[in-house]
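Undergrad: Just passing along the structure, written as structure tokens.
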């Protein structure tokens, strides 16, 4: 998809109307220390699950960021409530930081510390009723809340898409952790946000680490063909791609494949997202680090005549104009001109100013004798410098002749003769127009 393309087009059409809560906690929530059990992990995850399930958007910020007055994860966002959850007492830690923090919450009294008795690392010992009563008492939860809305999840997904497109990796990290706390989250939807990142290879290892801490990842038997070991490849990327595209029976693909290229092709055709397609394409390119070469390079060097691969490329990377250019050109070269025109029509939905796609669409319209529509396209192309003006006038005049619009034929043949006076076709068209006008 390409995040750099989407970022410019993204417009938030509606503001989230529900409550927003900021949780302030320690670093271990973002980067758990090996062998250390964060005493607040269970309660934080439970609170996030309860709040998001009740349509409340939750974000998490590191306590130390308040001390440095730099909110790396929540940026300039403001909140209705701030909830402090830490082993260190708020009274002993905050000092003179109130003014900095209160720029992020609506009212000063909306900063609350989770009582010590509600903090417990043992999930079986969590007093869930007391936590819900506490959240209700301080006004975060209403008295009649029900977990019947996904508004908060949808809002956080949109924020994750935007943070990915903006390459704000710390914010993306936080939002992924928050979203994973909700047991009703669609993992494929979350991983679909990777499509927005212009360089997903820059963040995928971090996403894999977060996922491996919280969910069960697919097991992949690293064999294919006649039990030959697959050459060294980072299967962590493949595991995420499998989840992102909900590919079932992944090991059957590995067992059936007789080569890396065959494995790459079969998996690419199963992909539903730009990111997963990028991973599977790269799988078939030996000695190339993931993300080191463009999808277009891989396809042009390995799959340029494979119509199935080219069609799949447009499906999962519609914002990549090159995918439509290559696919439509190959169809034309194979003599599939009407199919080429239909592909160009679809590509124009994403790239309405593409000169080559406009021309290929016009060719199809002329074949179907829809000359009036073809004329409108050629007039648009005539205003651009992207294609030969002589060719454009030739095609334009041919359609006008078919429509018997002789005044227009005369006008454009005279323009054509100014551009290329030696072209016999223009002389014949001009004479034909003059005879019919008389």
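Undergrad: Looking for whichever is in the same structural domain as residue 57 (by TED's automatic domain parsing), surrounded by fewer than 21 Cβ atoms within 10 Å (Cβ to Cβ) and either at pLDDT below 85 or over 30 Å from residue 188 (Cβ atoms) (or both) here; the options are 157, 148. Which one fits? Show your work before the answer.
TA: Numbers: 157 fails: either at pLDDT below 85 or over 30 Å from residue 188 (Cβ atoms) (or both).
Selected residue: 148, the only one of 157, 148 that is in the same structural domain as residue 57 (by TED's automatic domain parsing), surrounded by fewer than 21 Cβ atoms within 10 Å (Cβ to Cβ) and either at pLDDT below 85 or over 30 Å from residue 188 (Cβ atoms) (or both).
Undergrad: Let me ask something else about it. Name every residue in the stretch 161-206 that is closer than 18 Å to residue 245 by Cα, within 12 Å of the chain's Cα centre (by Cα) and either part of a loop (DSSP other than H, G, I, E, B) or without any contact (Cβ under 8 Å) to a residue 40 or more places away in the chain (or both), in order of residue number.
TA: Within the stretch 161-206, 189, 190, 193, 197 qualify.
Undergrad: Turning to a different aspect of this structure: Can you say whether residue 378 is crowded, with 23+ Cβ neighbours inside 10 Å, free of Cβ contacts under 8 Å to residues at least 60 places away in the same chain and touching a helix residue (DSSP H, G or I) at 6+ places or on another chain (Cβ under 7 Å), as far as the supplied structure shows? Outline the logic, then answer.
TA: Working: crowded, with 23+ Cβ neighbours inside 10 Å: yes; free of Cβ contacts under 8 Å to residues at least 60 places away in the same chain: yes; touching a helix residue (DSSP H, G or I) at 6+ places or on another chain (Cβ under 7 Å): yes.
For residue 378, the condition - crowded, with 23+ Cβ neighbours inside 10 Å, free of Cβ contacts under 8 Å to residues at least 60 places away in the same chain and touching a helix residue (DSSP H, G or I) at 6+ places or on another chain (Cβ under 7 Å) - is met.
Undergrad: Of everything in the stretch 250-262, what is within 13 Å of residue 217 (Cα to Cα) and in a loop (DSSP other than H, G, I, E, B)? Give them in sequence order.
TA: Step one: filter the stretch 250-262 for residues within 13 Å of residue 217 (Cα to Cα), giving 250.
If the condition is that a residue be within 13 Å of residue 217 (Cα to Cα) and in a loop (DSSP other than H, G, I, E, B), then no residue fits.
Undergrad: Cβ-Cβ below 6 Å, separation at least six or inter-chain, first residue in the stretch 99-128 and assigned by TED's automatic domain parsing to the domain that holds residue 61, second at pLDDT 80 or above and in a loop (DSSP other than H, G, I, E, B): which pairs?
TA: Matching pairs, first to second residue: 104/78; 106/80; 112/138; 114/85.
Undergrad: Let me ask something else about it. Pick from 435, 424, 418: which is over 19 Å from residue 375 (Cα atoms), under 49 Å from the mean Cα position of the chain (by Cα) and surrounded by fewer than 16 Cβ atoms within 10 Å (Cβ to Cβ)?
TA: Details: 435 fails: under 49 Å from the mean Cα position of the chain (by Cα); 424 fails: under 49 Å from the mean Cα position of the chain (by Cα).
Only one candidate passes the filter, namely 418.
Undergrad: Would you be able to tell me the number of residues in the stretch 328-387 that are assigned to a helix (DSSP H, G or I), within 32 Å of the chain's Cα centre (by Cα) and closer than 17 Å to residue 412 by Cα?
TA: Filtering the stretch 328-387 for residues assigned to a helix (DSSP H, G or I) gives 328-333, 337-348, 355-367, 371-382.
Narrowing further to those that are within 32 Å of the chain's Cα centre (by Cα): 328-333, 337-348, 355-362, 364, 377, 380-381.
Filter once more, keeping what is closer than 17 Å to residue 412 by Cα: 377, 380-381.
Residues in the stretch 328-387 being assigned to a helix (DSSP H, G or I), within 32 Å of the chain's Cα centre (by Cα) and closer than 17 Å to residue 412 by Cα: 3 in total.
Undergrad: Could you please let me know if residue 293 is under 30 Å from residue 189 (Cβ atoms), surrounded by fewer than 18 Cβ atoms within 10 Å (Cβ to Cβ) and in contact with a helix residue (DSSP H, G or I) (Cβ under 9 Å, 6 or more places away or on another chain)? Can you show your working first?
TA: Numbers: under 30 Å from residue 189 (Cβ atoms): yes; surrounded by fewer than 18 Cβ atoms within 10 Å (Cβ to Cβ): yes; in contact with a helix residue (DSSP H, G or I) (Cβ under 9 Å, 6 or more places away or on another chain): yes.
So residue 293 fits the description; yes.
Undergrad: Would you confirm, using the coordinates I've provided, whether residue 239 is modelled with pLDDT of 85 or more, part of a helix (DSSP H, G or I) and farther than 23 Å from residue 194 by Cβ? First the steps, then the outcome.
TA: On the way: modelled with pLDDT of 85 or more: yes; part of a helix (DSSP H, G or I): yes; farther than 23 Å from residue 194 by Cβ: no.
In short, no.
Undergrad: Just the residues that are part of a loop (DSSP other than H, G, I, E, B) and either closer than 20 Å to residue 281 by Cβ or modelled with pLDDT of 95 or more (or both), please, taken from the stretch 213-224. Spell out the reasoning first.
TA: In the first step, residues of the stretch 213-224 are kept if they are part of a loop (DSSP other than H, G, I, E, B); the result is 215-222.
The answer is 218, 220, 222.
Undergrad: In the list 283, 263, 310, 269, which residue meets the criterion of being in the same structural domain as residue 221 (by TED's automatic domain parsing), under 23 Å from residue 331 (Cβ atoms) and in contact with a helix residue (DSSP H, G or I) (Cβ under 7 Å, 6 or more places away or on another chain)?
TA: Numbers: 283 fails: under 23 Å from residue 331 (Cβ atoms); 263 fails: under 23 Å from residue 331 (Cβ atoms); 310 fails: in the same structural domain as residue 221 (by TED's automatic domain parsing).
The conditions single out 269.
Undergrad: Please verify whether residue 399 is loosely packed, with under 13 Cβ neighbours inside 10 Å, free of Cβ contacts under 8 Å to residues at least 60 places away in the same chain and within 47 Å of the chain's Cα centre (by Cα), treating the condition exactly as stated. Steps first, answer last, please.
TA: Working: loosely packed, with under 13 Cβ neighbours inside 10 Å: no; free of Cβ contacts under 8 Å to residues at least 60 places away in the same chain: yes; within 47 Å of the chain's Cα centre (by Cα): yes.
It is false that residue 399 is loosely packed, with under 13 Cβ neighbours inside 10 Å, free of Cβ contacts under 8 Å to residues at least 60 places away in the same chain and within 47 Å of the chain's Cα centre (by Cα).
Undergrad: Quick check on the stretch 28-84: of everything there that is modelled with pLDDT under 80 and on the phi > 0 side of the Ramachandran plot, which residue is surrounded by the fewest Cβ atoms within 10 Å (Cβ to Cβ)?
TA: Ranking the candidates gives 35 first.
Undergrad: Being crowded, with 22+ Cβ neighbours inside 10 Å and in the same structural domain as residue 70 (by TED's automatic domain parsing), is that true of even one residue in the stretch 192-199?
TA: Within the stretch 192-199 (the criterion being crowded, with 22+ Cβ neighbours inside 10 Å and in the same structural domain as residue 70 (by TED's automatic domain parsing)), the answer is no, since none of the residues qualifies.
The values are calculated or read from the model by the stated rules, or taken from the named source; none is laboratory data. Keep in mind that this is a model prediction, so the values were computed, not measured. Cβ coordinates were reconstructed from backbone atoms using ideal geometry, including for glycine residues, and neighbour counts include every protein chain displayed.
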